[in-house]
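Contents: one structure, followed by commentary.
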Amino acid sequence: MAMIDEPLYPIAILIDELKNEDIQLRLNSIRRLSTIARALGEERTRKELIPFLSENNDDDDEVLLAMAEELGVFIPYVGGVDYAHVLLPPLETLCTVEETCVRDKAVESLCRIGAQMKESDLVDWFIPLVKRLAAGEWFTARVSSCGLFHIAYPSAPEILKTELRSVYSQLCQDDMPMVRRSAASNLGKFAATVEPTHLKTDIMSIFEDLTQDDQDSVRLLAVEGCAALGKLLEPQDCVAHILPVIVNFSQDKSWRVRYMVANQLYELCEAVGPEPTRADLVPAYVRLLRDNEAEVRIAAAGKVTKFCRILNPQLAIQHILPCVKELSSDSSQHVRSALASVIMGMAPVLGKDATIEQLLPIFLSLLKDEFPDVRLNIISKLDQVNQVIGIDLLSQSLLPAIVELAEDRHWRVRLAIIEYIPLLASQLGVGFFDDKLGALCMQWLEDKVYSIRDAAANNLKRLAEEFGPEWAMQHIVPQVLDMINNPHYLYRMTILHAISLLAPVMGAEITCSKLLPVVVNASKDRVPNIKFNVAKVLQSLIPIVDQSMVEQTIRPCLVELSEDPDVDVRFFASQALQ
């Protein structure tokens, strides 16, 4: 609470800065409104500061945005909830400015304040504010008002409730598309506060108007409303009112609306229940999967697995699988990529036989896709298929694809595959790994690209953690240590890096007997870069090995390096000695 002891002098400066020409000073001052308010005390804040802010409609959006944000948490500074209504006028002004993000923040702050106000104050102050904004002659006020109804409605008396519903219905028929858009996107929130009897009459008629709007930007927001309203209505009403709308929307002339349906379809299915889903929504979904716009197909493909989970396997195989086959050879790589990221999840849904007969060929065609993203999306989700069809089948079909990716000419593809190797190793087990993937992991240590060599060293560490030190001692350590004699110094450096990563996993004994001698040996290298990396590695080994080893082997080696002719080697060696 040191703020209160601050003399009033800086406060005077802060208040002056609110009027300053320089925007940065005004911004700083606005951000410290709470300090000003604490110094002025609750009464003066109410009587002087808030009116001043109401008149001070600054022309700079950044200042207004900061002000809208600050006022949302201002209730404690004006004397608590009893006086919360004092904060409404400046925010009301901010709800009418041109800049969208200022209005959105003002609406958010008003909702936050309204949620804390007493019921009587809401009726006296908040509801009139909503009505004033909704009747504003400038469209910005009307846009803002739509976001406040769900706060105002619950505490309104019956007469006012009827009025608020009719005002909202007028907003949904406003001349300005922006206002109708705002009404459409807030309909779900408002509907959640309306009583069930009025929900079926008033709200559904509002909703039907919006779904037939001539602007696609309004219709696509009404799609979101479908899911929200579907959760509020009884299942039979849902089938009667919401289902036909969704089916129409899935054939809408605007691709944006169809895209929204494809995105929301799963939520809509949950709302309408399994029976209608089968009868009406499967054909709608199939249409979206075959849409002529790639964006719509991408959104629909991404939901394939979720959708299949609602259906029984029979229906999925009959209706959805043929579409999936088509999509796996779609002309757009993004569609194939979206499909690849979810198709693995279909295996548990369809069961073993269908997966082997129908899905495996699709996986394989995607694994051979010319675009690396598609192939990687398949590999990253292999565990889901492994559980269903077992490792043998998977490994026969999978390995060629992995090897191909591992040797891809684009280094980013090689990098992504390395990152999946530990995951593959844990899914496919030690035996499979040793036979097939072990050699690959070593070959990456000698890649031409540094990022690959670096990732390969990290990969070895993660494998050692996965399969344990004994396995690493047999399969990783000997091969790594052989490479320290590579004629090129950059590869020798990679091996030093790998040793420093493996040491903590392998433990003190193996580090002392196998790894340390190799590092000490490398300190005699003719390349200074190797020598100062030796100093760094030795520094990282000190905490791992026991003290006697440090004194006998590590310290003498570092002392020798600290007298090296090269300045960098001396620097790192002396740093390690400390």
message = Step by step: first the residues of the stretch 66-97, then only those that are open to solvent by 50 Å² or more (accessible area, probe 1.4 Å) and under 33 Å from the mean Cα position of the chain (by Cα), then the one that is farthest from Ala134 (Cα to Cα). Which residue is that?
response = Val73
key: Whichever residue in the stretch 521-541 is open to solvent by 50 Å² or more (accessible area, probe 1.4 Å) and either farther than 26 Å from Asn486 by Cβ or among the charged types (D, E, K, R) (or both) and, among such residues, is nearest to the chain's Cα centre (by Cα)   = Lys536
inquiry  = Return the pair list, or none, for Cβ contacts closer than 6 Å from residues in the stretch 86-115 that are more than 20 Å from Glu62 (Cβ to Cβ) to residues that are in a helix (DSSP H, G or I) and of a type in the set (Ser, Thr, Tyr), at least 6 apart or on different chains.
reply    = Pro89/Ser54
request  = Please go through the stretch 339-359 and pick out each residue that is open to solvent by 20 Å² or more (accessible area, probe 1.4 Å), assigned to a helix (DSSP H, G or I) and in contact (Cβ under 8 Å) with a residue 24 or more places away in the chain.
outcome  = Ser341, Val342, Pro348, Val349, Lys352, Ile356, Gln358
key: Of the criteria (1) out of contact with any Lys or Arg (no Cβ under 9 Å at 6 or more places or on another chain); (2) surrounded by 15 or more Cβ atoms within 10 Å (Cβ to Cβ); (3) of a type outside the set (A, V, I, L, M), which one Thr162 fails   = (2)
ask   = Conditions: (1) out of contact with any Gly (no Cβ under 7 Å at 6 or more places or on another chain); (2) modelled with pLDDT under 75; (3) open to solvent by less than 10 Å² (accessible area, probe 1.4 Å). Val218 meets all but one. Number of the miss?
value = (2)
task = Considering every residue within the stretch 470-480, establish whether at least one is within 30 Å of Ser331 (Cα to Cα), at pLDDT 75 or above and of a type outside the set (Ser, Thr, Tyr).
result = no
task = Mind telling me which of the residues Arg165, Arg132, Arg112, Arg142 ends up being over 27 Å from Asp209 (Cβ atoms) and not β-branched (Val, Ile, Thr)?
result = Arg112
message = Any residue at all in the stretch 305-317 that's free of Cβ contacts under 8 Å to residues at least 24 places away in the same chain, part of a helix (DSSP H, G or I) and not β-branched (Val, Ile, Thr)?
response = yes
request  = Please work out if Arg103 is open to solvent by 60 Å² or more (accessible area, probe 1.4 Å), outside any loop (DSSP other than H, G, I, E, B) and of a type outside the set (Val, Ile, Thr).
outcome  = no
query = Are any of the residues in the stretch 155-177 farther than 20 Å from Val194 by Cα and part of a helix (DSSP H, G or I)?
reply = yes
key: Residue within the stretch 527-537 that is out of contact with any helix residue (DSSP H, G or I) (no Cβ under 8 Å at 6 or more places or on another chain), outside any helix (DSSP H, G or I) and free of Cβ contacts under 8 Å to residues at least 60 places away in the same chain present   = no
request  = Would you check if there is a residue in the stretch 323-337 being within 20 Å of Gly188 (Cβ to Cβ) and either of a type in the set (Val, Ile, Thr) or not in a helix (DSSP H, G or I) (or both)?
outcome  = no
ask   = Since Ala498 meets every condition but one in (1) over 38 Å from the mean Cα position of the chain (by Cα); (2) closer than 25 Å to Ser548 by Cα; (3) surrounded by 19 or more Cβ atoms within 10 Å (Cβ to Cβ), which condition does it not meet?
value = (1)
inquiry  = I want to confirm something. Restricting to the stretch 555-578 and keeping residues that are among the polar types (S, T, N, Q) and not in a helix (DSSP H, G or I), which single residue is nearest to Val519 (Cα to Cα)?
reply    = Ser562
key: Among residues of the stretch 550-569, those that are more than 19 Å from Ala508 (Cβ to Cβ) and crowded, with 18+ Cβ neighbours inside 10 Å, counted   = 3
query = Got a number for residues in the stretch 305-343 being closer than 21 Å to Phe371 by Cα and either at pLDDT 75 or above or not aliphatic (A, V, I, L, M) (or both)?
reply = 20
query = Out of all the residues in the stretch 118-145, which are open to solvent by 60 Å² or more (accessible area, probe 1.4 Å) and either assigned to a helix (DSSP H, G or I) or hydroxyl-bearing (Ser, Thr, Tyr) (or both)?
reply = Glu119, Ser120, Asp124, Trp125, Lys131, Arg132
ask   = Can you name the number of the only condition in (1) over 22 Å from Asn377 (Cβ atoms); (2) of a type outside the set (Lys, Arg); (3) in contact with a Ser or Thr (Cβ under 7 Å, 6 or more places away or on another chain); (4) open to solvent by 10 Å² or more (accessible area, probe 1.4 Å) that Gly468 fails?
value = (3)
message = With the requirement that a residue be part of a helix (DSSP H, G or I) and either open to solvent by less than 20 Å² (accessible area, probe 1.4 Å) or of a type in the set (Gly, Ala, Ser) (or both), what does the stretch 471-491 give you?
response = Ala472, Val477, Val480
inquiry  = Of everything in the stretch 140-186, what is among the aliphatic types (A, V, I, L, M) and either over 17 Å from Ser217 (Cα atoms) or over 35 Å from the mean Cα position of the chain (by Cα) (or both)? Give them in sequence order.
reply    = Ala141, Leu148, Ile151, Ala152, Ala156, Ile159, Leu160, Leu164, Val167
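The values are calculated or read from the model by the stated rules, or taken from the named source; none is laboratory data. It should be emphasised that the depicted structure is a prediction, and the values quoted were computed from it without experimental measurement. Neighbour counts run over all protein chains shown; Cβ positions are idealised from the backbone, glycine included. Side chains are part of the model used for accessible areas, which takes the heavy atoms of the whole protein and leaves out ligands, DNA and RNA. Shrake-Rupley method; radii C 1.70, N 1.55, O 1.52, S 1.80 Å.
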